[in-house]
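The values are calculated or read from the model by the stated rules, or taken from the named source; none is laboratory data. Please read all numbers here as calculations on a predicted model, not as lab measurements. Here the Cβ is made from the backbone with ideal geometry for all residues, glycine too, and neighbour counts use every protein chain on show.
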Amino acid sequence: MTDVALPAPAVAPDAPARADFQIVPLRGLPVVGAVLVALVVAIASNRLWPLEFFHVAAGGLWTSFDLFLGFVLGPIIGRMAVPARIDLTTKLMPKLLLIMPTIVTCTLASGWQLGRLLGTIDSGYANHSWIVASYIVVGVMAVIALAVLEPANVAVLFELKKPRPDPAVIGRLMKRFIYTAGITGAMQVATLVIMTKVATG
Amino acid sequence: MSEQRLPPVTELGVVSMALIVTGGITIAAQLPGDVALGLPVALLAASALIMVWNVVSLARAPGFNRPLFFEVARWALLAYCVIAGILEWVFVKDGTRGGVLVVLTLSLVVFAVHVPLLIGFTVARFQPVGVRPTSQIDGAAEATV
C-alpha cells in the first residue's frame, strides 16, 4: 500500500561518496498538510463531487503507483548500474514516504464518507458482498504495507544515509519488497475489479 | 550485518495488525444495523496484548539501540496520530457512538502506536548501540554517542 517493490541497491564498502539526502523531504510537508486540509473540508461538506474526486483520484494514483513501481520501474531499476540504482532510490523513496500515506489516507477516508453518502456501505446494499471483499483487500494491503514494507523502506533509507552502508542489511530488508510484490499486485488488480463492479451496479 | 538477537517484534506486529483489521472489517460489514461486538472486542484485546508484549520485550532486550528507536518512532507516532485522528473524526462525524465507537477508537490507538513501534524497531535493530544518526530527517551527518 504505502510502499513499492524496488530492487536492493547493493553498496560496496568502498563505494564513492554520495550526495546527502533527506529521509523525509521537509519541503513536501506543507503540500501534504494542504491536501489533508482539503480532504477534511471535502468530508465535512459531505457533497458528492469532492468526495468522488478524492476517492477516485487518490485511489487511482494508489493503484497506479503500486502496479507501475512494483512491476515496471522495479525490474528496470534491478538492471541498472549500482550507483545509478542508489541515486534513484535515494531520490525516489523519500518522496514515496510522503506521497503514499497521503493518497492512502485520502482514498480510505473519502471512500468511507462516500459510502455513507451513497449508502453503498450499508449491509442492505445490493452489492454488499463486493464491498466486504474490498474491505478484505484493503485490509491485506494495509497489513503488508504498514507492518512489513514501510518499516523496511525507512530502514533502507537510514542504512543508505550512512557513510558505509551495509549491503547485507539493505539486501535483507529489500527481500520484503520482493516477497510481497505479487500479493500487493494481486490485491490492486482485485481492487480494480471490485470498484468497477460497484460503480456499475 | 550489525543486527542484534531480538524478539520477533515484526512477526508479532503483523499478527497484531491483522487482528485489528479483521475486527474493523467485522464491524464495517454489519453497519448500519446492530453490531455484534463480541468478536471485534476479542480481536482488539488480543491485538493490544501482543502490542504490550512487543513494548515490554523491546524494553527488556539487551543491546537494542533505544535512542535511535525513540528518535525514529516519535516522528512516526506524530504522523500516524494525524492519520488516526482524521479517521476518528470521520467516524464521529458519521454518528458512530457507543460500543462501536469505543472499539474503533481503541483499534486506532493500537494502530497509531504499533506502526511507529515497528518502524522504529526495524530501523534500530540493524544499528549497533552507540550509533545514532542525528537529525536524519533534516539530513545531518551520522554521529556517535
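Descriptive notes on the structure:
- Extreme residue, nearest to residue B:102 (Cα to Cα), among residues of the stretch B:25-63 that are outside any helix (DSSP H, G or I) and more than 14 Å from every other protein chain (Cβ to nearest Cβ): B:37
- Residue selected from the stretch B:66-79 under the condition within 11 Å of chain A (Cβ to nearest Cβ) and in contact with a Phe, Trp or Tyr (Cβ under 9 Å, 6 or more places away or on another chain), by the criterion farthest from residue B:113 (Cα to Cα): B:68
- Selected residue [outside any helix (DSSP H, G or I) and either at pLDDT 90 or above or hydroxyl-bearing (Ser, Thr, Tyr) (or both)] from A:4, A:35, A:56, A:24: A:24
- Residue count for the stretch A:116-150, restricted to those that are in a helix (DSSP H, G or I) and within 9 Å of another protein chain (Cβ to nearest Cβ): 16.
- Every condition in (1) aliphatic (A, V, I, L, M); (2) surrounded by fewer than 16 Cβ atoms within 10 Å (Cβ to Cβ); (3) within 11 Å of chain A (Cβ to nearest Cβ) is met by residue B:92 except one, and the failing one is (3).
Yes/no matrix, rows are residues, columns are (1) touching a residue at least 12 places away in the same chain (Cβ under 8 Å); (2) under 23 Å from residue A:113 (Cβ atoms):
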{"residue": "B:13", "(1), (2)": "yes, no"}
{"residue": "B:33", "(1), (2)": "no, yes"}
{"residue": "B:54", "(1), (2)": "yes, no"}
{"residue": "B:63", "(1), (2)": "yes, no"}
{"residue": "B:71", "(1), (2)": "yes, no"}
{"residue": "B:74", "(1), (2)": "yes, no"}
{"residue": "B:83", "(1), (2)": "yes, yes"}
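- Inter-residue pairs, beta-carbon under 6 Å, first in contact (Cβ under 8 Å) with a residue 12 or more places away in the chain and in the stretch A:151-163, second in a loop (DSSP other than H, G, I, E, B), 6+ apart: A:153/A:3; A:157/A:23; A:159/A:165
- Identity of the residue in the stretch A:65-115, closer than 18 Å to residue A:175 by Cα and charged (D, E, K, R), that ends up nearest to the other protein chains (Cβ to nearest Cβ): A:66
- Considering the conditions (1) in contact with a Gly (Cβ under 9 Å, 6 or more places away or on another chain); (2) small (Gly, Ala, Ser); (3) facing chain B (nearest Cβ under 9 Å), residue A:168 is excluded by exactly one of them, (1).
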